[in-house]
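Down below is the structure, laid out as structure tokens.
The values are calculated or read from the model by the stated rules, or taken from the named source; none is laboratory data. The model shown is predicted, which means the values in this text are computed figures rather than measured ones. Here the Cβ positions follow ideal geometry from the backbone for every residue, glycine too, while neighbour counts run over all protein chains shown.
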Amino acid sequence: MSVDSLGTVLCRVDSMPEQYCVCNGKLKNKCMADGYCNLLHLTKKQLDYVESDINKNIYLNACPGSGKTEVIAVKYSYETQKWMQPYSGIAVLTFTNSAENEIRNRINSFSPNGIEYPHFVGTFTSWLHGYIANPFLSIVTLHGENGKDDTRLRIVEDDAKSDFLNAYKTKYSYGEKLNHISANQYCWDIKERKFVYTPQIPRSGKEEFDSYLSDKNYMKNDLRDTKNKFWESGFFTYEDVEILSYLLLKRNVEITRIIAKRYPLIIVDECQDLSLPQLKILSLLREQGTKVHLVGDLDQAIYEFRKIDIEDTKAFIKSNELIEMNLNENFRSNQSIVNASIKIVQGKKHIVGMRNQMTEKPLLVFLYRKNEEKDLVQLYHSILEQKGIEENNCRIIVRNNAGKDKLLGRKAGDLSDNIIEDYAHFVFLTDDESLDGFQERIKILARAIQQSYFPKSVHGNSNNLYKPEEIDTSTWINIIILIQKTIVENECVLDLSQNWEIWKKALRKCLDGVSSSYLGKADLKRLKNGIKNDLVVESFSLKNKNKTKIQIETIHGCKGMSLDSVLFVSSYSRGDNRSGAYWKDWFINQESNIDEAQRLAYVAFSRAKHLLALGIPNPVSAPITEMERKMLMDYGFEIIDEIKAQSIS
Amino acid sequence: MYLSKVFIENFRLFSQPVEVSFQKGLNLLVGENGSGKSAVLDAIRALLNENEFSRRGITEEDFSNNNNGTDLHGADRLSITGIFSDLSEEQKIEYLTWLDNSFNAKLNLEVQNRLNNRNRYNQKRWGGNSSNSIFDSEPLNDIQCVYLPALRDAERNLRTGRGSRLARFIANLSADLLKEKRKNGELMPLEDDLKAFNEKAAGKEEIAKANKLINDSIQNAAGSVYGQKTQIQFNTLSYERIIESLQILFSEAGTDGFRNLAENSLGYNNLIYIATILAEFEGLKDKYTTPRILLIEELEAHLHPQLQIKLLKYLQQQTDECRIQVIISTHSPLIAASVPIDKIISFNRVDGSCSITSLFDCGMECSASRFLNRWLDATKTALLFSKGNLFVEGIGEAILIPILAKRYLSKKKAEGACSISSLEEAGISVINMNGIYFHYFLQLYNGYKILLPERVAGETKENYTKKITELRKKTRLSNGEYEVTSRINIRCAVLTDNDPAKKIKPSLDDDVEGNNPQLWFGKQVSAMTDNCRVYVNKKTFEYDLSIENKCNAQIMLNILLEAIPTDGSIKEQLESYITRIAKEETIDEPEMAASILEQIESDYMGKGLFAQLLAEKLSKQEEMKFDIPQYICKAINFLAKIGE
């Protein structure tokens, strides 16, 4: 097989002309716009996968920047245009909506008709919920037993704390902090064969839960009974759906068989993000004939906190005898950045950096002192300017939201569940003009409205803006718009430089002025203890509020991105757990075992095309050692001290 | 895969939820006006998004009102659910997200009674049990549903133009070729031909000349910069437009030349229309494995009786050959009589609500349905359109009971005991069983079926038969001996003869044992159901009429006397009875009744003629006293719910 056979299918030309500009194929407009022939542009290895056998199970090991999204899109288009089966199709599964959109856009550029029935492109969750869990889960959970009832799944997030969940609380207490927990807060871990506490808050929740539960049978029964009651009412967490779907398919081969026939080929993008239940579901489908193509990079697995273990994926690849193929040409980064990234995950693999080096020093380390974050950003900004790199396609990357808040000069949000604070948080975010900021503040406002006006209602999750079940969607949107409008037109409420006590009164007055037949009186509950005399604004922002044009992203948020340059900032101190926020965790040299911290750094490093800069703390009390300087230089970094002075000059 | 069940709630007159069962192939919806037949057809159309219906959309009137009329707004939401059974392996895959726990495909439609800002009612359609499953539109579109309304304008539907039936048919037949040609950027053969013809036409002298003149004028008027070019030819048409301009012409058998459909008769145009649709199904039968449903409202519309039957038989044949499901509503007893009884779905309006019964769900025994198929003819299928049935033994009752009932009901109405004055007014039919066993009929109405046990090993045939017979004849069946079945929810009464031995002549007060082999059944239905009752006389209908009262006997004797052809002892005896009645002498009334019966059954008279003569008398002389036997009054009371 060759490019020509691909051309016949995708471009409908019999042979590829020498020059793309005289080509009259279906993709000519795209090729003209791109300035190259899209098919000849594919490398040998990319072509190998596109033309691989869809009757085989394949693991496509794709290094960062290897163009895997493009390859998947071409593969999908190539296969679907030859496709003959009327009711069976290919499922391309991703893990985030943004990854889904990216693949959809690419596919649309290769397939004239875009994504069509019987194929599916979307997130694993939407596919699982839409084709398996919603239709059939009631067989194992018996929710909506009376055949006429709607057995749709009602998804509750594990951090939801609403009044209706009180009906699904455990009989026993699981610790001083947790107390009686509700059924959405824990799930069954099929690997460890025990219940685990899932929310991130409180931080010690998991440990406390574990130690209380230990081996007590009456507690296990309590947890099981509570969970059953929850399920019978049609409520599920995302984890529940995965585990139950696995059980469903395991126990009902007939259903598994039909689904396997409906989707004879499943391509999973970013396969390192597959959870164990998801892998088990894929295994069951494979046993019934589905072929599985996993595409991804195990070194980029960064969801340990969601119990995602790359060992499970490795075991799946092995036990299902997936044929390994490789994409090891990195078109994103230059060789220096590639080398530094590989070194961080102790990579033995060979990755070729295909990008020419455009700047003399592509690897930089900025050493910053306490409270010099602002100067750090300033220096980075001027270096980008110097090198002529557009800021738009650069990011400052931090480990998590706490790091983001720190750089933005916000106080770390402690994800409180206080209604008044939610309203204030909404107001605080109103001057954030980014899409993220808009989405976040609407979600926060929606939650506040639900909690204050419909506290007793069963409601949806953040995806449907916490909509109370008794209200229809358009009415709910109208309510949110009405309250949003009322708040942003109210000078007193917009003024966050008052203390909490006065601000609460202003909010009360403002909300009382809202008139709608759907709304009663808002129940705002009480302020958190001890804050009534604090200024509202200080709960959200620090005094030296930063304003930077360069967007700040968490590592998880920048997954899959391709950026001109990256400034990856370490936390100032290590803190109490090795979350990967602190730079020394990135560079731990242990041959045998790669930690998640290293993989996190690997993801951050490998985003950069031309320039990778690290922001590393250099406290006066414990300055960076010579050894450490040497180590950084071994990676290829040039170290820049005294950033404050540099940034001024 | 076929539509096996539909659940409807709050749609039109169905303010109470109803369930309708369908079978593969032919289904005939039979019932009185306003009993919900059209509503069921429309519910199926709404559910399947049938073309015409989806253009019209759900309207305000589609939401049911509750019966007391206080609810002007209509129900808050209506819902329609359809179940498709018997899915093939392939269909299970296609209808994956529609599957319910028994691997049937389930399709739901819910419409909120609130207009959105596009002035449409909010609709939600989903497959299976969960409204959050993925719902692809392709599987729904694969279910072909065609609807023929009662007032068919076949000519309009076959006319050329956008979305014409014919164009759709041809487009479907050529779909694969068209797709292939379009994919490769090639023209369809028809397009090629038309293009060639166009070029040729443009070159014809007069056309070319006209074209040149026009072009010259444009050049002169607008100059070469602003001037346009023209070309005279037939419009360049795409394949889709070409087939849309095709039309059907007709020619009558034995004549040459084709004529426009506008010149054809309504009936034949209808036939052509139906034929087009059937051809569409037939032509595509190998292409689609998906269900195809043809809904016909009042098949009899515009067709003469022989054509109705012919068409029906053809439809029935098509259902088998092309695997289509045909659902027909009808008011025609002729059509009802032409299909096997288990294909009939009976619609009845009972106490203001609708009752729908699929006769195959009534637990009819095989022998009973075979019998009924033979027996039901156009006159007898009236029972399917009535609000109550009175089954009678023979022609005598069939003629006289309506008249006797009218006398009885008029009296009752005058007393204020009821609001009707005849059986017709109440929609109650009198059905002549012609001496056939009545328990066959009652199986449609009684709502239970006796569970006959299998013969156990070692049991002699004789013992087994005895056991079964005893079970069948039990006055009251115990739990486990019967199962509850569907039933047509209207009342049925049977008037039957006691038939004691010929020599037994019971008086009005005697209770004698009869030989009617089905008397046990009367007792059983009384115990088992509220819907059916059997009323038995002393001996036979005519005997009971005459023994009821001496006046009755006198009237009957007079009829016989007028008709008796010979003078002799019989005539003398009849005359002597009349004289003795007039003189109010004591008479052996049973003996007299027996004589009257004997004369009625004699060669010169016969029950039919006698009944007719008596009926004439009773109708002409409304004031004349004639008493009605108790067992008849009771039957009428039961049917007309007098005294309840």
Quick one: is B:Leu107 within 11 Å of chain A (Cβ to nearest Cβ) and either without any contact (Cβ under 8 Å) to a residue 40 or more places away in the chain or touching a Gly at 6+ places or on another chain (Cβ under 7 Å) (or both)?
-> no
Does region B:464-473 contain any residue that is within 13 Å of B:Phe521 (Cβ to Cβ), in contact with a Phe, Trp or Tyr (Cβ under 6 Å, 6 or more places away or on another chain) and basic (Lys, Arg)?
-> yes
Count of residues meeting criterion [buried (at least 21 other Cβ atoms within 10 Å of the Cβ) and not in a loop (DSSP other than H, G, I, E, B)] in region B:373-387 | 4
Please tell me if B:Val430 is within 24 Å of the chain's Cα centre (by Cα) and closer than 19 Å to B:Ser346 by Cα.
-> yes
With respect to B:Arg156, is the statement that it is touching a residue at least 12 places away in the same chain (Cβ under 8 Å) and more than 24 Å from A:Ile139 (Cα to Cα) true?
-> no
In this structure, does B:Gly34 turn out to be part of a loop (DSSP other than H, G, I, E, B), touching a residue at least 40 places away in the same chain (Cβ under 8 Å) and either within 14 Å of another protein chain (Cβ to nearest Cβ) or out of contact with any Asp or Glu (no Cβ under 8 Å at 6 or more places or on another chain) (or both)?
-> yes
Could you list, in sequence order, all residues of region A:81-100 that are out of contact with any strand residue (DSSP E or B) (no Cβ under 8 Å at 6 or more places or on another chain) and within 14 Å of another protein chain (Cβ to nearest Cβ)?
-> A:Gln81, A:Lys82, A:Met84, A:Gln85, A:Pro86, A:Tyr87, A:Ser88
Filter region A:101-141 down to the residues that are within 15 Å of A:Thr69 (Cα to Cα) and more than 26 Å from the chain's Cα centre (by Cα), then identify the one that is farthest from the other protein chains (Cβ to nearest Cβ).
-> A:Phe110
How many of the residues making up region B:144-187 are in a strand (DSSP E or B) and over 20 Å from B:Thr289 (Cβ atoms)?
-> 2
Within region A:49-61, is even one residue under 26 Å from A:Lys314 (Cα atoms) and acidic (Asp, Glu)?
-> yes
Looking only at residues in region B:559-588 that are in a helix (DSSP H, G or I) and small (Gly, Ala, Ser), which one is surrounded by the fewest Cβ atoms within 10 Å (Cβ to Cβ)?
-> B:Ser569
B:Asn66 meets each of (1) at the interface with chain A (Cβ under 10 Å from one of its Cβ atoms); (2) over 21 Å from B:Cys145 (Cβ atoms) with one exception, condition (1)
Of the residues in region B:286-307, how many are outside any strand (DSSP E or B), among the charged types (D, E, K, R) and touching a strand residue (DSSP E or B) at 6+ places or on another chain (Cβ under 8 Å)?
-> 2
Okay, helices (runs of 4 or more DSSP H) sitting entirely in region A:142-253 with 3 or more residues that are without any contact (Cβ under 8 Å) to a residue 40 or more places away in the chain and either of a type outside the set (A, V, I, L, M) or crowded, with 20+ Cβ neighbours inside 10 Å (or both), I get A:205-213, A:217-232
How many residues does region B:332-361 hold that are surrounded by 19 or more Cβ atoms within 10 Å (Cβ to Cβ) and touching a strand residue (DSSP E or B) at 6+ places or on another chain (Cβ under 8 Å)?
-> 17
Of (1) among the small types (Gly, Ala, Ser); (2) in contact (Cβ under 8 Å) with a residue 60 or more places away in the chain; (3) not in a loop (DSSP other than H, G, I, E, B), B:Ala43 satisfies all except one. Which?
-> (2)
Per the filter on region B:260-277, residues free of Cβ contacts under 8 Å to residues at least 24 places away in the same chain and either farther than 11 Å from B:Glu155 by Cβ or in a helix (DSSP H, G or I) (or both) are B:Glu263, B:Tyr268, B:Ala275
Among the strands (runs of 3 or more DSSP E) contained in region B:430-510, which hold 2 or more residues that are more than 30 Å from B:Ala553 (Cβ to Cβ), outside the structural domain of B:Asn389 (by TED's automatic domain parsing) and out of contact with any strand residue (DSSP E or B) (no Cβ under 6 Å at 6 or more places or on another chain)?
-> none
Lone qualifier among B:Asp142, B:Asp136 - being within 14 Å of chain A (Cβ to nearest Cβ), closer than 29 Å to B:Leu299 by Cβ and touching a helix residue (DSSP H, G or I) at 6+ places or on another chain (Cβ under 8 Å) | B:Asp142
Would you mind finding the one in B:Arg114, B:Arg118, B:Arg125 that is without any contact (Cβ under 8 Å) to a residue 40 or more places away in the chain and more than 11 Å from every other protein chain (Cβ to nearest Cβ)?
-> B:Arg118
Kindly list, by first and then second residue, each pair from a residue in region B:586-608 that is within 17 Å of B:Ile559 (Cβ to Cβ) to a residue that is among the hydroxyl-bearing types (Ser, Thr, Tyr) and crowded, with 19+ Cβ neighbours inside 10 Å, limited to pairs with Cβ atoms under 6 Å and residues at least 6 apart or on different chains.
-> B:Met592/B:Tyr577; B:Ala593/B:Tyr543; B:Ala593/B:Ser546; B:Ile596/B:Ser546; B:Leu597/B:Tyr543
Identify, by number, the condition in (1) closer than 15 Å to B:Ile143 by Cα; (2) surrounded by 21 or more Cβ atoms within 10 Å (Cβ to Cβ) that B:Leu99 doesn't meet.
-> (1)
May I ask you to list pairs of residues, at least six apart or on different chains, whose Cβ atoms are under 8 Å apart, with the first in region A:360-380 being within 18 Å of A:Gly636 (Cβ to Cβ) and the second being of a type in the set (S, T, N, Q) and part of a loop (DSSP other than H, G, I, E, B)?
-> A:Leu367/A:Asn618
Limited to region B:563-581, what total is found for residues that are under 16 Å from B:Glu601 (Cα atoms) and touching a residue at least 24 places away in the same chain (Cβ under 8 Å)?
-> 5
Filter result for B:Ala208 (at pLDDT 85 or above and out of contact with any Ser or Thr (no Cβ under 7 Å at 6 or more places or on another chain)) | yes
Failed item, numbered, when A:Ser2 is tested on (1) under 29 Å from A:Gly296 (Cβ atoms); (2) surrounded by 15 or more Cβ atoms within 10 Å (Cβ to Cβ); (3) modelled with pLDDT under 85 = (2)
For region A:124-141, indicate whether the set of residues that are at pLDDT below 90, closer than 29 Å to A:Leu465 by Cβ and surrounded by 19 or more Cβ atoms within 10 Å (Cβ to Cβ) is non-empty.
-> yes
Considering each residue of region B:148-191, count those that are more than 15 Å from B:Arg241 (Cβ to Cβ), away from chain A (no Cβ under 14 Å) and among the acidic types (Asp, Glu), and give that number.
-> 2
